[in-house]
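Read the structure below first, then the notes.
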Amino acid sequence: MNRIESKNLQVYFGDNHILKGITTEIPKNTVTALIGPSGCGKSTFLRTLNRMNDLIPNFKKEGEVLLDGDDIYSPRLDVADLRKKVGMVFQKPNPFPKSIFENVAYGLKIHGHDDKEFIAQKVEESLKSAALWNEVEDKLDNSALGLSGGQQQRLCIARTIATNPEVILMDEPCSALDPISTTKIEDLIQKLKKEYTIIIVTHNMQQATRVSKYTSFFLHGEIVESNFTDKIFVEPKEQKTEDYITGRFG
């Protein structure tokens, strides 16, 4: 079953027509990469999937976005529940100015958990899942702001998975990181896809080939081509796709 589908999705910010008829399917428990030049609509599309664009003035949407067959823009839908199911990791690590422990526990507490033993267990599980536990287990009370950039990004991933999402959105999660930290995040993505559906926006085409099973190429607010990643990069069907991945523009 497809975890996410969009059908003729149009997005406007005021008079600007940003997404133009996006129809795509994202299968469950896979990694899908969104590639394309800056300003082509990748991040806007990503943010439609957990309704982050709702926070932007003059946002307007037409068409459908479905999560497991349910319309996520239905008036009956609880947006807080949606964002619990569809977590997001941003381009720059954004830990809260709190302890490492409190960063991971935060989502659990705002969703009503107050059992200290349960929270402690969940924090440990999430840090282990994010491949960070061994580095921080003896300094959980230290400020998260003292971690390196790569550790902060893994902490943000731990914070995201602590609330048991089904989908993880990643908006260029490695663009601010050094190569060693990037490798750790990519290894982590490979582990997490067994439990989560992951959609990653990346400008790094080598990264797309390393981490994703599917790739969608965006240009001027449209999807030019979607396919298995190896097909996109080895045998693209569209000339525009070939021109982009061979560096003729972008």
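The values are calculated or read from the model by the stated rules, or taken from the named source; none is laboratory data. Since the model is a prediction, treat every value here as computed from it, not as a measurement. Please note: Cβ atoms are built from the backbone with ideal geometry, for glycine as well, and neighbour counts cover all protein chains shown.
Taken as a whole, the condition of being under 30 Å from residue 134 (Cβ atoms) and either buried (at least 21 other Cβ atoms within 10 Å of the Cβ) or over 16 Å from the mean Cα position of the chain (by Cα) (or both) applies to residue 104. Applying the set (1) under 19 Å from residue 28 (Cβ atoms); (2) under 15 Å from the mean Cα position of the chain (by Cα); (3) hydrophobic (A, V, I, L, M, F, W, C) to residue 228 leaves exactly one unmet item: (2). With the structure loaded, tell me whether residue 163 is closer than 26 Å to residue 110 by Cβ and among the hydroxyl-bearing types (Ser, Thr, Tyr) or whether it fails that test. Yes: the conditions hold for residue 163.
When residues in region 127-140 are screened for being outside any loop (DSSP other than H, G, I, E, B) and either of a type outside the set (Ser, Thr, Tyr) or modelled with pLDDT of 95 or more (or both), 6 of them pass.
Looking only at residues in region 107-144 that are in contact (Cβ under 8 Å) with a residue 40 or more places away in the chain, surrounded by fewer than 16 Cβ atoms within 10 Å (Cβ to Cβ) and in contact with a Lys or Arg (Cβ under 9 Å, 6 or more places away or on another chain), the one that is nearest to residue 92 (Cα to Cα) is 143. With respect to being in contact with a Leu (Cβ under 9 Å, 6 or more places away or on another chain), hydroxyl-bearing (Ser, Thr, Tyr) and modelled with pLDDT of 95 or more, residue 32 falls outside the description.
Restricting region 78-94 to residues that are surrounded by fewer than 20 Cβ atoms within 10 Å (Cβ to Cβ) and out of contact with any strand residue (DSSP E or B) (no Cβ under 8 Å at 6 or more places or on another chain) leaves a set whose member that is farthest from residue 141 (Cα to Cα) is 78. Scanning region 141-160 for residues that are small (Gly, Ala, Ser), assigned to a helix (DSSP H, G or I) and closer than 22 Å to residue 110 by Cβ yields 144, 158. Within region 15-32, no residue satisfies the criterion of being surrounded by 17 or more Cβ atoms within 10 Å (Cβ to Cβ) and among the acidic types (Asp, Glu). Being crowded, with 23+ Cβ neighbours inside 10 Å, under 30 Å from residue 96 (Cα atoms) and of a type in the set (A, V, I, L, M, F, W, C) is a condition met by no residue of region 230-250.
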